[in-house]
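Colleague: Before I ask anything, let me first share the structure, which is written out below as structure tokens.
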Amino acid sequence: MKITILGSGHGVPEAHKQCTSILFEVSGSYYFVDAGCDISMELANRRIHPNGVKAIFITHPHSDHINGLYSFLNLLGWYYTKSNPEVYVPNEKCAVLVHQYLEAFGCKLRPEQKLALVEEGTIFDDGNFKVTAFATQHCPNSHAFLIEAEGKRVLCSGDLRHPAVDFPPVDNLDAAILEAAHFNVIEYTDVLKSKSVKSVYINHYGNYIGNINGANFVTLRKEISPVPAEITTDGMEISM
Ligand SMILES: [Zn+2]
Ligand SMILES: [Zn+2]
């Protein structure tokens, strides 16, 4: 599986740092966790045809995680009409907005385009890529996702209230992609030490705003050593 961090930022775009989106490639199929940036453009830049996108999962109803979804679905509505990814949105309001947005631009979802709400538990499994959602306390209808594919297990934390409060009850992770916009990264130390995690990626942070700085990250890295920890950047690729 190849994971590409399309947007490593949080709610406020910064230079060369877009809002959150993570692209997974598994056996020639593509899956998004969050679509906070212009995912249509990101696919175009990578010469990935939208027909290859099988599903999109949105962690929660904040704009930095969903803004790019609407324009992407609009593009599928009038141009890439053979592209039918399954779309999982956080709540009914987001689902209604999808329909209203498309209608405003003269198109609508095709019957083959499944639009569903994220609920706790396994929400998707096409035999290639499995997604299990865990409720978090960041906001109403917020979730973390456990991704399972090719025998690997990857956690996408979404946004959390605090690692001690709503870190998902998962273990034996090949990678944990963790947000760092709402608390000091050092506060991941205890939960990461209590689990088997092979690699850690600190994501969804601001260079100038938020709770990450070099000293905090170095401390976390030292605390969880020998588990490797990296800070994500836009365009970063992770192969496993
Ligand atoms: Zn966010
Ligand atoms: Zn949020």
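Colleague: I'd like to check something: does the range 148-163 contain any residue that is in contact with a helix residue (DSSP H, G or I) (Cβ under 8 Å, 6 or more places away or on another chain), under 19 Å from residue 61 (Cα atoms) and without any contact (Cβ under 8 Å) to a residue 40 or more places away in the chain?
Modeller: Yes, the conditions are met somewhere in the range 148-163.
Colleague: If residue 61 satisfies all but one of (1) within 16 Å of ligand 2 (Cβ to nearest atom); (2) part of a helix (DSSP H, G or I), what's the number of the condition it fails?
Modeller: With (1) within 16 Å of ligand 2 (Cβ to nearest atom); (2) part of a helix (DSSP H, G or I) applied to residue 61, the lone miss is (2).
Colleague: Could you check the range 89-145 for strands (runs of 3 or more DSSP E) lying wholly inside it with 2 or more residues that are within 16 Å of ligand 2 (Cβ to nearest atom)?
Modeller: The strands (runs of 3 or more DSSP E) meeting that bar are 130-135.
Colleague: Quick one: in the range 136-147, of everything that is in contact with a strand residue (DSSP E or B) (Cβ under 6 Å, 6 or more places away or on another chain) and either charged (D, E, K, R) or away from ligand 1 (no atom under 12 Å from the Cβ) (or both), which residue is farthest from residue 60 (Cα to Cα)?
Modeller: Checked the range 136-147; the qualifying residue farthest from residue 60 (Cα to Cα) is 147.
Colleague: Do you know which residues across the range 35-58 are assigned to a loop (DSSP other than H, G, I, E, B), more than 16 Å from ligand 1 (Cβ to nearest atom) and closer than 15 Å to residue 4 by Cα? Please lay out each step first, then the result.
Modeller: First, pick out the residues of the range 35-58 that are assigned to a loop (DSSP other than H, G, I, E, B): 35-38, 46-49, 58.
Pick out the ones that are also more than 16 Å from ligand 1 (Cβ to nearest atom) and you get 38, 46-49.
Matches in the range 35-58: 38, 46, 47, 48.
Colleague: Right, here's the next one. Between a first residue in the range 103-127 that is hydroxyl-bearing (Ser, Thr, Tyr) and a second residue that is modelled with pLDDT of 95 or more and outside any loop (DSSP other than H, G, I, E, B), which pairs have beta carbons less than 6 Å apart while being 6 or more apart in sequence or on different chains?
Modeller: Going by the 6 Å Cβ cut-off, the qualifying pairs are 122/132.
Colleague: If residue 159 satisfies every condition in (1) away from ligand 2 (no atom under 16 Å from the Cβ); (2) under 24 Å from residue 227 (Cβ atoms); (3) in contact with an Asp or Glu (Cβ under 8 Å, 6 or more places away or on another chain); (4) among the charged types (D, E, K, R) but one, which is the exception?
Modeller: If we test residue 159 against (1) away from ligand 2 (no atom under 16 Å from the Cβ); (2) under 24 Å from residue 227 (Cβ atoms); (3) in contact with an Asp or Glu (Cβ under 8 Å, 6 or more places away or on another chain); (4) among the charged types (D, E, K, R), just (1) comes out false.
Colleague: Shifting gears a bit: May I ask you to verify whether residue 202 is within 16 Å of the chain's Cα centre (by Cα), part of a strand (DSSP E or B) and surrounded by fewer than 24 Cβ atoms within 10 Å (Cβ to Cβ)? Steps first, please.
Modeller: Working: within 16 Å of the chain's Cα centre (by Cα): yes; part of a strand (DSSP E or B): yes; surrounded by fewer than 24 Cβ atoms within 10 Å (Cβ to Cβ): yes.
Against the criterion (within 16 Å of the chain's Cα centre (by Cα), part of a strand (DSSP E or B) and surrounded by fewer than 24 Cβ atoms within 10 Å (Cβ to Cβ)), residue 202 qualifies.
The values are calculated or read from the model by the stated rules, or taken from the named source; none is laboratory data. Quick caveat, the model's predicted, so the values are computed rather than measured. Note: ideal-geometry Cβ built from the backbone for every residue, glycine included; neighbour counts use all protein chains shown.
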